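The values are calculated or read from the model by the stated rules, or taken from the named source; none is laboratory data. What you are looking at is a predicted structure, and each value in this text was computed from that prediction instead of being measured. All Cβ positions, even for glycine, are placed from backbone atoms using ideal geometry, and neighbour counts span all protein chains on display. With ligands, DNA and RNA removed, areas are computed over all heavy atoms of the protein, side chains included. Shrake-Rupley method; radii C 1.70, N 1.55, O 1.52, S 1.80 Å.
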Amino acid sequence: MARAAKAWERRVREHFDFLVEQGFRFDHLEANWWATTARYLSSTLGLEVTRSVEFDRVEITLVRLVEGELPEYEVWVTDSPRNRVLFDNVLIARAPDVDEASRALSGLSREDEEEQLRFWADALRSVAPDFLEGDDAPLREGEQVVRQRVAENPQELTIWLPSDASQEEEDRAREEAMQTAPPNVEVSVRRYHR
């Protein structure tokens, strides 16, 4: 995996090292079996370029640092600001035609990756030049797209229990979930047969 990760770093840097001229620095590479992510950071913002095995594509994520540090990954959409926004959401907000073109891109062959890296680097420069100058407006606009999607499709946490679980076990599971899930998340319990 180390050799593949180093190759990914080289390819990403070929396309995204223009960020260095904008006050970002290449921070580090994170690799595991489902994704390899190259990260650039400035004093307030970050950009992640990910080779995603899970989604069979290259994707970029805009990041707002919290007190100079990378934010925790956000699972639920709450009233708190979203500090990580998939760039696709920024495209939906700012450049729907570019978003439409991005949907045709996928695959993890070397050629597919090169095409996607080139596309994302160009899209970042043309659609979010303010982000490159240190403005988090693209994150806020992408966040609004996410919030609209959640308003149309409310969040739900489903607890699955075996069909022979007692009512007491169901009540306990529901209560535990309600204590950990945000208030705007519906909790439901369903049963499965073993």
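Among residues of segment 164-194 being among the basic types (Lys, Arg) and either part of a strand (DSSP E or B) or in contact with a Cys (Cβ under 8 Å, 6 or more places away or on another chain) (or both), the one that is farthest from Arg64 (Cα to Cα) is Arg191. The set of residues in segment 103-136 being open to solvent by less than 10 Å² (accessible area, probe 1.4 Å) and touching a helix residue (DSSP H, G or I) at 6+ places or on another chain (Cβ under 6 Å) consists of Leu117, Ala121, Ala123, Ala128, Phe131. Exactly one residue among Leu117, Leu105 is at pLDDT 95 or above, in a loop (DSSP other than H, G, I, E, B) and closer than 22 Å to Thr37 by Cβ, and that residue is Leu105. The single condition among (1) touching a Phe, Trp or Tyr at 6+ places or on another chain (Cβ under 7 Å); (2) part of a strand (DSSP E or B) that Leu161 does not meet is (1). Within segment 25-50, being closer than 26 Å to Asp130 by Cβ, touching a residue at least 24 places away in the same chain (Cβ under 8 Å) and hydrophobic (A, V, I, L, M, F, W, C) holds for Ala38, Leu41, Leu45, Leu47, Val49.
To keep it simple, each residue is scored yes or no on (1) of a type in the set (Asp, Glu); (2) open to solvent by 30 Å² or more (accessible area, probe 1.4 Å).
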position: Arg3; (1), (2): no, yes
position: Gly23; (1), (2): no, yes
position: Phe26; (1), (2): no, yes
position: Asn32; (1), (2): no, yes
position: Thr37; (1), (2): no, no
position: Thr44; (1), (2): no, yes
position: Asp56; (1), (2): yes, yes
position: Phe87; (1), (2): no, no
position: Leu91; (1), (2): no, no
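Counting only residues that are among the small types (Gly, Ala, Ser) and under 13 Å from Leu70 (Cα atoms), segment 1-48 holds 3 of them. Looking across segment 65-75, the residues that are within 23 Å of Gln155 (Cα to Cα) and either part of a strand (DSSP E or B) or open to solvent by 70 Å² or more (accessible area, probe 1.4 Å) (or both) come down to Glu72, Tyr73, Val75. Please verify whether segment 120-142 includes one or more residues that are under 18 Å from Ala38 (Cα atoms), small (Gly, Ala, Ser) and free of Cβ contacts under 8 Å to residues at least 40 places away in the same chain. For segment 120-142, residues under 18 Å from Ala38 (Cα atoms), small (Gly, Ala, Ser) and free of Cβ contacts under 8 Å to residues at least 40 places away in the same chain: present.
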